[in-house]
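**Student:** Quick one: this structure, given as structure tokens, is what I'll be asking you about.
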């Protein structure tokens, strides 16, 4: 299953009018960048596909489970409702492609009252146009739902497809676990939310460990990362020149970025298959000069065309590097979706930022990276003015010579 777009309203910080208008739309490209100020709804947006996939996989009466593969979205249904109001009716629409064709359904949920806040949500209305037409008004018909798909066993293939996407998903949270001074020789299973077991991942794959080590040497001021065996355990080391130190005692940025780097290089070396990954705040604790190379990692993964990586970030160097690579023709603008979340008194709004083929953004919110964007614009104006004056001087000089 390949999710193409998600439409939503009345979810978390995003308001809704219960009539389905004023909804937000998140279109998934191979690389999705989500920007916004603190507490604007960046994480809620980045985590939404996982939330809805959990509902699509669900086969019991929870309709929309509040815990999906260990990640909790709230203690009760009203925790995911805008303003926590029982009278709000969150709306979700999912458009996806499956092996058997297109999937397009929308659902509006509700709670029966403030005293039902602890109960699972109910379906207010439901409409599916593909793979077949389904139109249900639940309060009137009292239809019971198992997850976000209509009742009945015929939807098993879609449930399994949603589950497979969740099985494949790698979700790296905003704060990764610090590196330990040493690790036991345990087997590696998968990258977890905190990236805590990435050292075991590198130990199990020497080619990946070498690729990560080379990436560090190139982009982390010459510090090469490697593993060192210590009797019945091993440690993660940093070497440069004659210095050999334990990463556990190195800079926090060098530790925090390890799961992100390992994850991207692992994707690029893997078997091409659809994935939907989420990386939150990849730039955490990194100096600005070290943030731009992360963009190249994400771009290389996006160019594989196998899946989608959603990146929740506030890194200006990362954005500028993406713009530069688009301008250089190293990634097409159609492979990148950029969103800014604008928060105001009534709630948040998900605003798409159009990216042109020459790497320019059509719009950017005032006060966000404004100074640097203004400086770049001023530099370009000065360059054009300088060239114009130079061309004018050449024409005038040529005219004077001809008159003589």
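**Student:** Please give, to one decimal in nm, the separation of the simple spin-label points placed at residue 187 and residue 37, each 7 Å out from Cα toward the Cβ.
**Tutor:** Result: 5.0 nm between the two label points.
**Student:** Another question about this same structure. Return the calculated 222 nm mean residue ellipticity for the chain, to the nearest 500 deg cm²/dmol, obtained by summing -39500 (n - 2.57) across DSSP H runs with n ≥ 4 and dividing by the residue count.
**Tutor:** -10000 deg cm²/dmol
**Student:** I would also like to ask the following. Looking at the chain, send over the antiparallel percent of its DSSP beta bridges, to the nearest 5. Could you put the intermediate results ahead of the total?
**Tutor:** Details: 55 of 72 bridges.
Percentage antiparallel, nearest 5: 75.
**Student:** To the nearest 10 degrees, how steep is helix 288-302 against the longest Cα principal axis of the chain, on a 0 to 90 scale?
**Tutor:** Rounded to the nearest ten degrees, it is 60.
**Student:** Counting only C-alpha contacts under 8 Å and six or more residues apart, can you give the relative contact order of the range 226-378 as a whole percent? Walk me through the numbers on the way to the answer.
**Tutor:** On the way: 185 pairs, mean separation 22.2, N = 153.
It comes to 15 percent, rounded to a whole number.
**Student:** In nm², what is the average projected area of the convex hull enclosing the Cα atoms of the range 188-291? The partial results should precede the final answer.
**Tutor:** Values: hull surface 28.8 nm².
Result: 7.2 nm².
**Student:** Taking only the alpha carbons of the range 159-238, what extent do you get along each of the three principal axes, in Å, biggest first?
**Tutor:** Dimensions of the range 159-238 along the principal axes of its Cα atoms: 45, 31, 25 Å.
**Student:** Still on this model: Relative contact order of the range 179-270: what whole-number percent is it, with Cα pairs under 8 angstrom and at least 6 residues apart?
**Tutor:** Numbers: 119 pairs, mean separation 26.6, N = 92.
Computed value for the range 179-270: 29 percent relative contact order.
**Student:** Sort the following peptides by mean Cβ neighbour count (other Cβ atoms within 10 Å, averaged over residues), highest first: 132-140, 160-168. Before the final figure, lay out each step's value.
**Tutor:** Details: 132-140: 12.2, 160-168: 17.3.
Most protected by this proxy first, the peptides run 160-168, 132-140.
**Student:** Specify whether the C-alpha gyration tensor of the range 114-168 places it in the rounded, prolate or oblate class, a ≥ b ≥ c being the square roots of the eigenvalues: rounded for a/c under 1.5, otherwise prolate if a/b is larger than b/c and oblate if not.
**Tutor:** It comes out oblate by the Cα gyration axes.
**Student:** Quick one: compute the contact order of the chain, relative version, from alpha carbon pairs under 8 angstrom and 6+ residues apart, as a percent. It would help to have the intermediate numbers written out before the result.
**Tutor:** Details: 763 pairs, mean separation 71.4, N = 404.
Result for the chain is 18 percent.
**Student:** Ok, one more. Rg to Rh ratio, the chain, alpha-carbon atoms and Kirkwood radius?
**Tutor:** Numbers: Rg = 24.9 Å, Rh = 23.5 Å.
Rg divided by Rh gives 1.06.
**Student:** I want to verify a result. In a Gaussian network model of the chain, Cα cutoff 10 Å, which of these has the top mean-square fluctuation: 292, 85, 393?
**Tutor:** Of the options given, 393 has the highest mean-square fluctuation.
**Student:** Right, something else. For a quick size check, give me the Cα extents of the range 53-141 along its three principal axes, largest first, whole Å.
**Tutor:** Computed over the Cα atoms, the extents are 41, 34, 23 Å.
**Student:** What's the FRET efficiency of residue 157 with residue 389 using the Cβ-Cβ distance as r and R₀ = 56 Å, to the nearest 0.05? Could the numbers behind the result be given before it?
**Tutor:** Numbers: r = 67 Å, r/R0 = 1.20.
In this case the efficiency is close to 0.25.
**Student:** Once both axes come from the Cα atoms, what is the angle between helix 206-219 and the longest principal axis of the chain, in degrees from 0 to 90, rounded to 10?
**Tutor:** 50
**Student:** A further question on this structure: Evaluate the distance, in nm, between pseudo-label points positioned 7 Å from the Cα of residue 135 and of residue 300 along their respective Cα→Cβ axes.
**Tutor:** Taking the two extended label points, one gets 5.2 nm.
**Student:** Between 340, 249, 110, find the one with the highest GNM mean-square fluctuation for the chain; connect C-alpha pairs within less than 10 Å.
**Tutor:** Ranking 340, 249, 110 by mean-square fluctuation puts 249 first.
**Student:** Pulled fully out, how much extra length does the chain show between residue 204 and residue 232, if you take 0.36 nm times their separation in residues and subtract their Cα-Cα distance?
**Tutor:** Details: separation 28, 0.36 × 28 = 10.08 nm, distance 1.52 nm.
Gain on extension, residue 204 to residue 232, equals 8.6 nm.
**Student:** If you don't mind, there's one more thing I want to ask. Between the helical axis of 316-327 and the dominant principal axis of the chain, each derived from Cα atoms, what acute angle in degrees is found, rounded to the nearest 10?
**Tutor:** Tilt relative to the chain: about 80 degrees.
**Student:** Let me ask something else about it. Could you work out Rg/(2.2 N^0.38 Å) for the range 13-82, with Rg from alpha carbons only? Walk me through the numbers on the way to the answer.
**Tutor:** Values: Rg = 13.2 Å, N = 70, 2.2 N^0.38 = 11.1 Å.
So the range 13-82 has a normalised radius of gyration of 1.19.
No lab work stands behind these numbers, since they all come straight from the coordinates. Just so it is clear, the model here is predicted, and its values are computed rather than measured. Note: ideal-geometry Cβ built from the backbone for every residue, glycine included; neighbour counts use all protein chains shown.
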